[in-house]
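Reviewing the structure listed below.
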Amino acid sequence: MKKLWFCASILWAFSVQSAPWAGHEDGVWKLAISPNGEHLLSCGGDGSVKIWETGSLKLVSTFQHDKKWQVYDAAIFPDGERVLSTGFDASIYIWSLKTGERLHQVKGHTLFVPRVAMGASHFLTGGQDRLVKVWDAATYAFLGEIKTRSPVGIAELPESPDTLLVASMEGVHLWSVASGLKIQSYSDSSFYFALALLKGAFLTGGNLQQEGTLKRLALKDGAVVTEYKGLSGSIWQLTVSADQTRMASSIFRGPSAVWDVASGALVWKSPDARETIGVALSGDGKTLYLGDNDGTIERMELP
């Protein structure tokens with residue numbers, strides 16, 4: 001553990017940081033990079049979603065939910081023109097990225113919605129009403145749902161849009177939207193908080209109360225391919241660079257870290273005292289964005 005702390009301190013020293021800027025009036029719950037890499041999305045406990053230019057860090061637009069309740073998750077559509085957001089009020093909103101105009105409101109959950117995800121032609125919402133719902137990205141029509149306990153990590157398989165990968169209190173499973181049944185189980189015993197999809201594999205992390213690991217598992221049989229050590233606690237966000245070379249993760253109101261996906265080597269780690277919530281990586285994994293519990297956002301160039 002002492003050796004890991006020393007290495008993390010060296011990596012922190014060699015990173016190049018920008019001055020943090022005030023992004024939200026409350027904690028930054030989620031960060032994400034647009035498909036073209038030109039915009040950074042942030043959402044926070046102040047009930048707003050904001051879009052920033054990744055180059056100049058200039059604020060482009062702000063979306064405000066009706067009630068200033070926490071916005072837990074948000075995502076940018078593949079077309080790069082629309083934003084999806086959801087939060088404590090159980091509503092799902094679609095916004096214009098450039099103007100901040102509300103384009104549509106979807107109602108389908110009865111309790112708050114902590115997770116959303118984008119597919120090629122669909123978007124997914126996971127609610128505390130124990131439902132994961134699938135919606136058409138063009139028409140916003142409801143297409144189907146599955147039922148599972150507290151879905152907190154959701155993804156659609158690109159090669160099979162009817163198949164969902166879901167992390168929840170029931171473990172990690174593949175589901176068929178058409179039948180509403182599990183296709184394959186990877187774990188039944190742990191509460192998994194986050195996941196990210198890779199080609200032929202997926203990354204997942206859970207409630208790591210002790211010194212623990214994030215893992216890369218094969219989609220085919222669930223075999224552990226790589227373990228990523230360095231964080232302990234409840235994983236909040238897990239993200240992968242567009243080129244799938246690096247991954248970043250954050251402990252809820254705690255430290256964050258970046259690893260090499262293929263080798264599992266630790267690239268960078270924040271001091272343990274830092275209260276990070278949201279994390280995002282540039283397409284090449286060389287630039288890291290951090291959203292903290294105090295509402296500030298910071299850009300950092302990695303070694």
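See the values below:
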quantity: Tensor-based shape of the chain (alpha-carbon gyration tensor, a/c under 1.5 rounded, otherwise prolate or oblate); calculated: oblate
quantity: Under 5 Å, built H, 5+ apart or other chain: amide partners of G205; calculated: F193, A194
quantity: Coil-residue GluC sites (Glu not before Pro) of the stretch 107-184, DSSP, other Cβ within 10 Å capped at 13; calculated: E159
quantity: S61 long-range amide H proximity, modeled H, under 5 Å; calculated: I51
quantity: Backbone HN-Hα couplings from phi across the stretch 269-277 [Karplus 6.51/-1.76/1.60, Hz, Gly and Pro as x]; calculated: 8, 7, x, 4, 6, 6, 9, 8, 10
quantity: Of L197, F252, S234, farthest towards positive along the dipole that unit charges on Lys, Arg, Asp, Glu beta carbons give the stretch 190-303; calculated: L197
quantity: Note, ³J(HN,Hα) from phi for the stretch 230-245, Karplus 6.51, -1.76, 1.60, rounded to Hz, x at Gly and Pro; calculated: x, 10, 9, x, 8, 5, 9, 10, 9, 9, 10, 5, 4, 7, 6, 8
quantity: Exposure proxy ranking, count of Cβ atoms within 10 Å, fewest first, for L181, L31, L165; calculated: L181, L165, L31
quantity: Built amide H within the under 5 Å cut-off of H122, gap 5+; calculated: A137
quantity: Karplus-derived 3J(HN,Hα), 6.51/-1.76/1.60, for each residue of the stretch 283-292, Hz, glycine and proline x; calculated: x, 9, x, 8, 10, 10, 10, 10, x, 9
quantity: Residue exposure sequence - R102, R149 - by fewest surrounding Cβ within 10 Å; calculated: R149, R102
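Just so you know, all these numbers are worked out from the coordinates, no wet-lab data involved. The shown structure was predicted, so the numbers you read here are calculated from the model rather than taken from an experiment. Positions of Cβ are generated from backbone atoms using ideal geometry, with glycine treated the same way; all protein chains shown enter the neighbour counts.
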